[in-house]
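Please read the structure below before turning to the comments.
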Amino acid sequence: MTEALQTLLASAMASDIFAGGLALGTIGVTVALGRTAVGVIGRLLSRRLWAQLALDNRSPAYRHLSLWMEANGVLTHVRQVRLTDTRWNAGTSGYAPAPGKHWFVVQGHLARLTRSINEKARVGGSHDQRPMEVLEIGMLFGSVSTLTSWIKEGARIAAQRDRSGPMLHILRDGYWDDVGEVPRRTIDSVVVEDGRALRVLEDMRWFYAASDWYAERGVPWRRGCLFYGPPGTGKSNLIRALTSELGLDIATLDVGRTTLTDDALREAMMSAPKRSLIAIEDVDAVFSQREAGDLRGGISFSGLLNAIDGVGAQEGRALVMTTNHLDRLDPVLIRPGRADLHVEMGLIGAGTARRLFERFFPGEIALAPAFERVIGQERLSPAVVQGWLLAHRDNPGVAARADALAPVSVRVATAAE
């Protein structure tokens, strides 16, 4: 039997067809084993070299990661996009990366986003059904902690977007107290006669994004502004609008408080909440106190200067000071480096007052010219004009006569007509 088998094998090996088939089979097995080995090695290397994270749109983290990518512009060069709903970028419909793989570089590392949509699997409530979407984010030579930090940053952005207005922090006895949100204001709500409010907004926007610029030049990362003008001209409203537009908090200091010491002021400036704007309203109160010879306590003038730009002064938070009395301020306090930007919030004329009227009464545009004509050459504070319009919000005809706003001569002439 053994001899017969050996004879058969020898005969088969002598056949070119059998030998070729055996060789091809051997090559095929070798290639298959090689592919398997390469796949195993590839997966092992991928696990070692790639940090990966997967999440779907049932989790808030999906939105937070999307917001982080949007805010950092990591996918601005993506060429394959798809029209999406508000759930991708949280607030506006628009375009999102199409399903598939998208490559980008972030923080010096190669990263990959894989987006998939399963139309058959539905998520959401009965009245809010949508396809399940899965995001897989990977980073070469990265770490999972880096990926989760992106989600945390996205959560912070979401919190800023979702809240109704800036958070107000007030300095108590040695600590910052969060007293709640203040209503949001837009920059358009600031009533001025030119584009100065927008210029301040752009200046602030640049400052809060310029930490590297300051560091490269060895300059302290500080920015000071002074808003001055008569009462009711919108100084506080501009602060609120700036923080609303930039997603900042307001940290307000009462430097006229007699219980506030120099050390407490300096520590408060250094420990002010991050992503906040420090506001010192009515800064001239310090000078009034000093002129009155008040010895019961309170900060000194030198203490205020050191808190603003001394050795241990805060960085990364803009400082805004306001005053109704520019002439009471020492030039040393408002020099460049302490108050780099001086913004006058002045009275408004008839043209700007007319725009306020049109904002209050959008359906009564025909009355606006009469309102402007009655005011004439008068210059008024925005607060006075808004107060008049608010008092007569239900009677635009009476509001247009501006009886309490126009000078006596104009009122008499109007009555005669």
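A short reminder: the numbers here are calculations on the coordinates, not readings from a lab. Everything numeric here is computed off the predicted structure, so don't read it as measured data. Every residue, glycine as well, gets a Cβ built from its backbone with ideal geometry; the counts of neighbours run over all protein chains shown.
Can you sort W50, W150 so the residue with the fewest Cβ neighbours within 10 Å comes first? It would help to have the intermediate numbers written out before the result.
Numbers: W50 15, W150 23.
Ranking W50, W150 by Cβ neighbours within 10 Å, fewest first, gives W50, W150.
If packing is taken as the average count of other Cβ atoms within 10 Å, what order do 386-392, 279-285 fall into, highest mean first?
Values: 386-392: 16.4, 279-285: 21.3.
Put in order of decreasing packing, that is 279-285, 386-392.
When the alpha carbon gyration tensor of the stretch 135-186 is reduced to an equivalent ellipsoid, the three semi-axes, largest first, read 34, 16, 6 Å.
If you wrap a convex hull around the alpha carbons of the stretch 122-278, what volume per residue comes out, as a whole number of Å³? Mind showing how you got there, number by number?
Details: hull volume 34.3 nm³, N = 157.
Taking only Cα atoms, the stretch 122-278 has a hull volume of 219 Å³ per residue.
Taking label positions 7 Å along the Cα-Cβ direction at both F141 and W50, the computed distance is 1.7 nm, reported to one decimal. Each of H109, H169, H102 was scored by other Cβ atoms within 10 Å of its Cβ. Listed from fewest to most, they are H109, H102, H169.
Centre-to-centre separation between the Cα atoms of the stretch 245-261 and those of the stretch 50-66: 38 Å. Here is the tail figure for the stretch 164-233: Cα pairs spaced more than 18 Å apart come to 63 percent of all pairs.
Which of the peptides 220-231, 356-367, 132-143, 239-250 is most tightly packed, and how do the rest follow, going by the mean number of other Cβ atoms within 10 Å of each residue?
Values: 220-231: 19.2, 356-367: 15.1, 132-143: 17.4, 239-250: 22.2.
Final packing ranking: 239-250, 220-231, 132-143, 356-367.
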